[in-house]
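K.L.:
Before I ask anything, let me first share the structure, which is written out below as structure tokens.
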Amino acid sequence: MKQKNAVVSLLFLFSMSLLFYTGCTDKYEPTSPISGSGSSCVHCHLNAELLKEVATPIPPPTGEAGEG
Amino acid sequence: MVYVTEDFLETPHGKSSCVSCHNGNPAASDKQGAHEGLTALPGDSADVYCGRCHAEIVSTFETSLHFNQKGYFVRIANRTGFDIQGNPELMEHYNEECGKCHASCGQCHVSRPVSVQGGFVNGHKFDKPDRDDNCVACHGSRVGAEYLGQNEGFQPDLHRFKPGGGNCSFCHSGSEMHGSGTIYTYRYLKLEMPRCEDCHQDDEAANIYHQRHWSHESLPKLACQVCHSQPYKNCNGCHTGGAGITGSSYMKFKIAKNKFNLEAANRDYDYVTVRHIPIAPDTYASWGISDLANFSSEPTWKYATPHNIQKWTALTTVAEGQGCGENCHNSAEYYLLTSDLLNYEVEANQEIVMDDKL
């Protein structure tokens with residue numbers, strides 16, 4: 001009986017770990033603490049190479065700009 | 001570019017979650033989904049975002065000319081005869097051509113202004129405005145170039161080399177930029193705007209020139225720039241159209257009568273330096289306003305405070321044996337005269353020209 005309980009517990013722990021792992025979409029591990037929902041934004045915006053890949057190029061400004 | 005540096009995350013703003021200011025969908029796994037509902041420029045809604053922590057500054061920010069652009073709207077209304085803010089079609093033109101120079105909290109403290117395509121100044125870190133990336137980004141073609149000595153043949157402003165003078169905040173304070181709660185219709189009416197006399201009051205009687213031209217009981221009072229400015233940039237059609245103003249900007253120095261109604265701001269000088277502005281009767285033709293009904297309601301040479309101050313200028317330096325006013329008095333070169341004007345400008349400037357002083 002005790003053996004059966006141990007196997008069930010292990011199975012439960014394994015399935016919970018699997019669920020937790022697959023449920024987490026953000027693998028980024030910042031060196032500084034980031035609060036909850038911001039983490040996926042930071043995942044991209046701290047990555048200069050990735051931003052260069054996905055950024056939409058902006059044409060350079062033309063002429064003299066501004067209030068002089 | 002929206003690259004955030006990691007050290008931003010250690011700053012007070014960086015410790016807030018991104019979505020608290022930018023919204024969007026952080027659970028999405030692609031760029032398009034993540035940016036759904038994004039608030040790219042929270043500073044444009046300062047009362048919603050910045051005001052949570054900076055309520056006092058935001059409470060008066062709507063009176064900042066950098067934000068409300070009241071000066072532009074009043075000048076346009078004076079010349080057209082109506083307020084364009086009630087006309088969506090005209091506002092579309094305005095926002096496309098003039099409104100880009102509007103500044104929000106973020107465009108001074110986080111990124112470069114939108115008018116120069118934005119981009120973080122320092123990895124999203126919030127800071128006091130950077131001279132080159134913020135102030136000069138908008139005020140570069142005239143003020144910045146003058147102050148930094150970038151106009152060929154002319155010296156930088158001597159204040160640049162004073163301790164702290166490398167930054168615009170040496171003279172221009174945050175309270176001037178943020179708005180005081182008073183609604184101004186013209187930038188030179190702002191009481192928070194610096195005047196030379198704020199620092200140089202002790203110089204009032206420092207020499208015979210100051211005694212005669214600064215505070216003499218019966219002689220005209222001159223703005224400091226009249227003696228201490230070098231030639232400065234005057235504008236034609238750099239960023240607007242109109243017959244007669246299609247040429248590029250040019251360096252010039254002109255003195256005119258001060259009829260700009262600035263007494264309330266203690267700018268009660270009799271003579272001031274003036275700068276040509278890019279306006280013609282058909283400037284707004286592309287907006288559907290073929291002719292400005294009240295074109296002559298305001299001068300086309302406006303009160304100017306060139307940012308290229310020198311102690312000794314062409315006006316304060318005379319050859320040995322010459323009188324002290326040799327280079328200024330009776331000078332057709334330095335005075336704004338009717339002969340300097342285009343035909344359609346004569347009426348608009350008739351009160352400020354110096355023809356009767358020669």
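The values are calculated or read from the model by the stated rules, or taken from the named source; none is laboratory data. Computed from a predicted model, the values in this text were never measured in an experiment. As a convention, Cβ positions derive from the backbone with ideal geometry for all residues, glycine included, and neighbour counts pool all protein chains shown. The protein model used for the area step is the full one, side chains on, heavy atoms only, and it has no ligands, DNA or RNA in it. Shrake-Rupley method; radii C 1.70, N 1.55, O 1.52, S 1.80 Å.
K.L.:
B:ASP133: among the acidic types (Asp, Glu), closer than 30 Å to A:LEU51 by Cα and in a helix (DSSP H, G or I), yes or no?
P.N.:
Yes: the conditions hold for B:ASP133.
K.L.:
Okay, next question. For the range B:110-124, enumerate the residues that are assigned to a loop (DSSP other than H, G, I, E, B) and under 21 Å from the mean Cα position of the chain (by Cα).
P.N.:
B:VAL110, B:ARG112, B:PRO113, B:GLN117, B:GLY118
K.L.:
Output the number of the condition that B:THR305 fails; it satisfies all remaining conditions of (1) part of a helix (DSSP H, G or I); (2) in contact (Cβ under 8 Å) with a residue 40 or more places away in the chain.
P.N.:
That leaves (1) as the condition not met.
K.L.:
Would you pick out the residues in the range B:32-53 that are within 26 Å of B:ALA103 (Cβ to Cβ), without any contact (Cβ under 8 Å) to a residue 24 or more places away in the chain and either in contact with a Ser or Thr (Cβ under 7 Å, 6 or more places away or on another chain) or away from every other protein chain (no Cβ under 11 Å) (or both)?
P.N.:
B:GLY37, B:THR39, B:ALA40, B:SER45, B:ASP47, B:VAL48, B:GLY51, B:ARG52, B:CYS53, listed by residue number.
K.L.:
Read through the list (1) open to solvent by 50 Å² or more (accessible area, probe 1.4 Å); (2) at pLDDT below 95, then give the number of the only condition that B:ASN167 fails.
P.N.:
Result: B:ASN167 fails condition (2) only.
K.L.:
Right, another one. Please work out if B:ALA319 is assigned to a loop (DSSP other than H, G, I, E, B), under 28 Å from B:ASP203 (Cα atoms), open to solvent by 20 Å² or more (accessible area, probe 1.4 Å) and aliphatic (A, V, I, L, M).
P.N.:
Yes; evaluated as a whole, the condition is true for this residue.
K.L.:
Restricting to the range B:9-31, name every residue that is more than 9 Å from chain A (Cβ to nearest Cβ) and either within 17 Å of A:ASN47 (Cα to Cα) or of a type in the set (Val, Ile, Thr) (or both).
P.N.:
B:THR11, B:ASP30
K.L.:
Quick one: count up the residues across the range B:118-134 that are hydrophobic (A, V, I, L, M, F, W, C) and open to solvent by less than 40 Å² (accessible area, probe 1.4 Å).
P.N.:
Qualifying residue count, the range B:118-134: 0.
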